[in-house]
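These notes are about the structure you will find just below.
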Amino acid sequence: MKLKIPPPYWLLLTTGLMWLISRYTPQAEILHNLRWLALLPLVTAIGLIAAAASAFRQASTTIHPQHPEQTRVVVDSGVFGFSRNPIYLGMALILVAWALWLAAPFAWLGVLLFVVVITCWQIVPEEEILLNKFGEPYRLYCQKVRRWF
């Protein structure tokens, strides 16, 4: 796989980067009063990640992003019916919540960076492996369900 750093570490690195950006760039004072809005994407993220993990467990397949070749089945129901990557979507929503909490407009660049890095270096290689392993059923799933949402 192209990505040698597991996605949870990218999430942590990005939160740190966003924090640094928020310390050295202008703050949006109006956003400080709206910090409570960060709870909405955070709760959604937790729900998505938990539902996806549960679906993987029920299907008796791996959740480990560094080893998609160990996947036993294509999980396409539940949260996987509207996003092929609900865990990565959940991670992105955690970063949205963090950006809202930081109240620093430039911190939003971290969300964009995370989405680009995870798409290019994790999701695309995962999809290639899964397409080679499962063939037509996976290709049809990819046509039916969007990558992010």
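For the chain, calculate the relative contact order in percent as a whole number, restricting contacts to Cα pairs under 8 Å that are 6 or more residues apart.
Answer for the chain is 38 percent.
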Classify the range 8-67 as rounded, prolate or oblate from the Cα gyration tensor: take a ≥ b ≥ c as the square roots of its eigenvalues, call it rounded if a/c is under 1.5, otherwise prolate when a/b beats b/c and oblate if not. oblate
For log10 I(q)/I(0) by the Debye sum over Cα atoms at q = 0.12, 0.17, 0.18 Å⁻¹, with candidates (1) -0.48, -1.00, -1.13; (2) -0.68, -1.08, -1.16; (3) -0.53, -0.95, -1.03, the value calculated from the shown model is option (3)
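Let me know the charge dipole size of the chain about its Cα centre in debye, to the nearest 20, where only the beta-carbon of Lys, Arg (+1) and Asp, Glu (-1) is charged.
The calculated dipole for the chain is roughly 60 debye.
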Measure off 7 Å from each Cα along the Cα-to-Cβ vector at Lys144 and Gln27, then give the distance between these two points in nanometres to one decimal. 4.9 nm
If packing is taken as the average number of other Cβ atoms within 10 Å across a peptide's residues, how do 100-110, 136-146, 48-58 rank, most packed first? 100-110, 48-58, 136-146
Give a residue-ordered list of calculated ³J(HN,Hα) values for the range 47-52 (Karplus: 6.51 cos²θ - 1.76 cosθ + 1.60, θ = phi - 60°; whole Hz; x for Gly, Pro). x, 4, 5, 5, 5, 5
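Rounded, prolate or oblate: which fits the range 51-93, taking a ≥ b ≥ c as square roots of the Cα gyration tensor eigenvalues, rounded meaning a/c under 1.5, else prolate when a/b beats b/c?
It comes out oblate by the Cα gyration axes.
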Residue order for Trp121, Trp36 - accessible surface, 1.4 angstrom probe, largest first: Trp36, Trp121
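The values are calculated or read from the model by the stated rules, or taken from the named source; none is laboratory data. The model shown is predicted, which means the values in this text are computed figures rather than measured ones. Glycine also receives a Cβ, built like all others from the backbone with ideal geometry; neighbour counts cover every protein chain displayed. For the accessible areas, the whole protein counts, side chains as well, though only heavy atoms, and no ligand, DNA or RNA atoms are used. Shrake-Rupley method; radii C 1.70, N 1.55, O 1.52, S 1.80 Å.
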